[in-house]
């Protein structure tokens with residue numbers, strides 16, 4: 001899936017029509033999404049003709065972007081760091097959208113493209129954001145473009161119901177993990193679409209996953225992370241490779257008593273059909289999870 005995504009993006013970028021924009025600094029009051037809630041902050045923004053970028057919370061692991069030019073065209077935002085990238089959609093109508101900068105300290109490059117025609121996109125400008133991560137846990141408590149709790153009220157309500165009788169953080173994590181692993185079935189048709197690149201630019205809709213009760217590894221992981229974050233529990237969705245070389249997504253949840261613990265709800269789900277003790281042992285073995293490339 002990752003290789004296919006890179007091929008698609010490279011085609012788009014190769015066909016892009018270059019149009020430079022110049023940024024200036026200004027002050028603005030904006031709303032940013034944090035762990036399912038919203039707060040208003042007086043911030044400095046990078047303003048260009050086409051987009052504005054709020055960077056005040058960059059060291060906490062997120063920023064916000066808004067497209068300034070009224071259009072119904074497809075807009076894509078690319079987030080680059082250390083030779084890796086992520087892409088998300090943006091519309092003029094949605095106003096400010098939160099982007100996650102969750103891969104630690106360093107320089108993140110934000111590039112914005114607007115659809116022109118066919119496979120051609122206008123380059124609407126780029127900005128570098130330097131992050132000095134203050135707390136390695138904080139970024140994984142917030143809502144962002146991959147784990148968007150603010151647009152998932154059903155997911156938030158389900159998480160509250162699932163954990164109602166839990167006392168400790170560990171009990172809450174285990175309850176949500178069990179719910180996602182047993183309540184979602186693996187969708188092999190969706191896996192085929194992912195491998196073909198058909199899902200490369202699809203937004204993750206947590207409530208849609210919850211309602212259809214099916215998905216692939218990224219759906220399982222995103223839903224589990226969203227539920228945990230809505231309960232104030234830090235959780236990160238990691239991407240990398242299994243020992244057999246398959247590209248995969250899984251979860252790490254933060255338990256104050258144990259630190260970061262790996263969970264793999266899609267693999268655990270398969271364990272119910274084959275051999276659960278064997279799968280549990282597989283998931284707990286660090287050697288089976290290698291080359292983590294991205295974290296959200």
Of (1) out of contact with any helix residue (DSSP H, G or I) (no Cβ under 9 Å at 6 or more places or on another chain); (2) modelled with pLDDT of 95 or more; (3) assigned to a loop (DSSP other than H, G, I, E, B), residue 170 fails just (3)
Against the definition (at pLDDT 90 or above and in a loop (DSSP other than H, G, I, E, B)), how does residue 202 come out, yes or no? no
Wholly inside region 230-295, strands (runs of 3 or more DSSP E) that include 3 or more residues that are under 18 Å from residue 219 (Cβ atoms) and either in the same structural domain as residue 154 (by TED's automatic domain parsing) or touching a residue at least 12 places away in the same chain (Cβ under 8 Å) (or both) are 235-242, 247-255
Exercise for review: Confirm whether residue 196 is over 22 Å from residue 136 (Cβ atoms), surrounded by 19 or more Cβ atoms within 10 Å (Cβ to Cβ) and at pLDDT below 95.
Suggested key: no
Restricting attention to region 153-166, the residues that are assigned to a loop (DSSP other than H, G, I, E, B), at pLDDT 95 or above and either under 14 Å from the mean Cα position of the chain (by Cα) or surrounded by fewer than 20 Cβ atoms within 10 Å (Cβ to Cβ) (or both) number exactly 2
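Here's the yes/no breakdown for (1) surrounded by fewer than 19 Cβ atoms within 10 Å (Cβ to Cβ); (2) over 26 Å from residue 225 (Cβ atoms):
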site: 57; (1), (2): no, no
site: 60; (1), (2): yes, no
site: 73; (1), (2): yes, yes
site: 82; (1), (2): yes, no
site: 89; (1), (2): yes, no
site: 93; (1), (2): yes, yes
site: 131; (1), (2): no, no
site: 136; (1), (2): yes, no
*asked:* Going by what's in this entry, would residue 209 be described as assigned to a helix (DSSP H, G or I) and either in contact (Cβ under 8 Å) with a residue 60 or more places away in the chain or surrounded by 15 or more Cβ atoms within 10 Å (Cβ to Cβ) (or both)?
replied: yes
All-but-one check, residue 279 against (1) surrounded by fewer than 22 Cβ atoms within 10 Å (Cβ to Cβ); (2) modelled with pLDDT of 95 or more, failing number (2)
Every listed condition ((1) modelled with pLDDT under 85; (2) closer than 27 Å to residue 138 by Cβ; (3) more than 22 Å from the chain's Cα centre (by Cα)) holds for residue 21 save (2)
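The values are calculated or read from the model by the stated rules, or taken from the named source; none is laboratory data. Remember, it's a predicted structure, so these values are computed and weren't measured experimentally. We place every Cβ from the backbone using ideal geometry, glycine too, and count neighbours over all the protein chains shown.
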